[in-house]
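I have placed the structure first, in the form of structure tokens, so that the comments after it can refer back to it.
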Amino acid sequence: MDIFEAIKTRRSIGKVKDQMISKELIEKIIEAGTWAPNRYLTEPWRFFVISGEGRNKLSKVMENIVLDSGIDLESKEGKAKLDKEKNKPFRAPVIIAVAAEVSDNKKVLKIEELGAVYAAIQNMLLTAFGLGIASYWKTGNACYDPKMKEFFNLKENDEVLAFIYLGYSDFEKNPPHKKPITELVKWIDK
């Protein structure tokens, strides 16, 4: 598939079948992430593959984050929020959590480490698409909570940047409207 066509036609698909993806394909998706550019060749990306019973562990962390947020569990809204968060890990058979392990090297800027990991995530999404696997990049408050760093045994300066939900698509998604580049680009040539 032409890379430009892949970029234009890849979609975030949140509804997937409960069908496991082979370890070989998961590793191929992760390997694509490791080929992203990164200044000083720090390779700041770290990957955590969550599937099967592992999703129960992630669910428990998400539940604890919600419980610590002070929501009213007696209210209908509070109960709904708790249920929604607890059930997120079961949306797909595989989740790859992607984190940035920020280098201690004083020359390395944290923002550049995060940027490298974001590039890795895009590589992963495009590779999944090319392999016929649907993906959905999720974040949200739970992603950035200290309890999530603790769950993945990350240092204080590290960051969880994505939960990539993977599965085989259960529906087709129409392309979004995109602004023409003429509205987004300013040429500075004089």
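The values are calculated or read from the model by the stated rules, or taken from the named source; none is laboratory data. Keep in mind that what you see is a predicted model, and the values were worked out from it rather than measured. Neighbour counts run over all protein chains shown; Cβ positions are idealised from the backbone, glycine included.
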Worksheet item: If Ile50 satisfies every condition in (1) modelled with pLDDT of 95 or more; (2) more than 24 Å from Thr127 (Cα to Cα) but one, which is the exception?
Response: (2)
Worksheet item: Has segment 93-106 got at least one residue that is crowded, with 17+ Cβ neighbours inside 10 Å, among the polar types (S, T, N, Q) and under 15 Å from the mean Cα position of the chain (by Cα)?
Response: no
Worksheet item: Yes or no: Lys138 closer than 30 Å to Thr9 by Cβ and surrounded by fewer than 20 Cβ atoms within 10 Å (Cβ to Cβ)?
Response: yes
Item to complete: Would you point out which residue out of Ile29, Ile50 is without any contact (Cβ under 8 Å) to a residue 60 or more places away in the chain and either closer than 28 Å to Leu154 by Cα or not in a loop (DSSP other than H, G, I, E, B) (or both)?
Response: Ile50
Fill in: Enumeration of residues in segment 56-68 that are surrounded by 19 or more Cβ atoms within 10 Å (Cβ to Cβ) and among the basic types (Lys, Arg)
none
Item to complete: Being closer than 25 Å to Glu27 by Cα and either acidic (Asp, Glu) or within 16 Å of the chain's Cα centre (by Cα) (or both) is the filter here, so list the residues in segment 155-171 that pass it.
Response: Asp158, Glu159, Val160, Leu161, Ala162, Phe163, Ile164, Tyr165, Leu166, Gly167, Asp170
Worksheet, complete the sentence: Counting only helices (runs of 4 or more DSSP H) wholly inside segment 108-152, the ones holding at least 3 residues that are more than 30 Å from Leu67 (Cβ to Cβ) and touching a strand residue (DSSP E or B) at 6+ places or on another chain (Cβ under 9 Å) are 110-130
Worksheet item: Is there any pair with a first residue in segment 69-81 that is surrounded by 11 or more Cβ atoms within 10 Å (Cβ to Cβ) and a second that is modelled with pLDDT under 90 and assigned to a loop (DSSP other than H, G, I, E, B) whose Cβ atoms are under 7 Å apart and which are 6 or more apart or on different chains, and what are they?
Response: Gly78/Ile71; Gly78/Asp72; Lys79/Leu73; Lys81/Ile71
Item to complete: Report yes if Lys173 is of a type in the set (Lys, Arg), assigned to a loop (DSSP other than H, G, I, E, B) and either under 20 Å from Lys8 (Cα atoms) or in contact with a Pro (Cβ under 7 Å, 6 or more places away or on another chain) (or both), otherwise no.
Response: yes
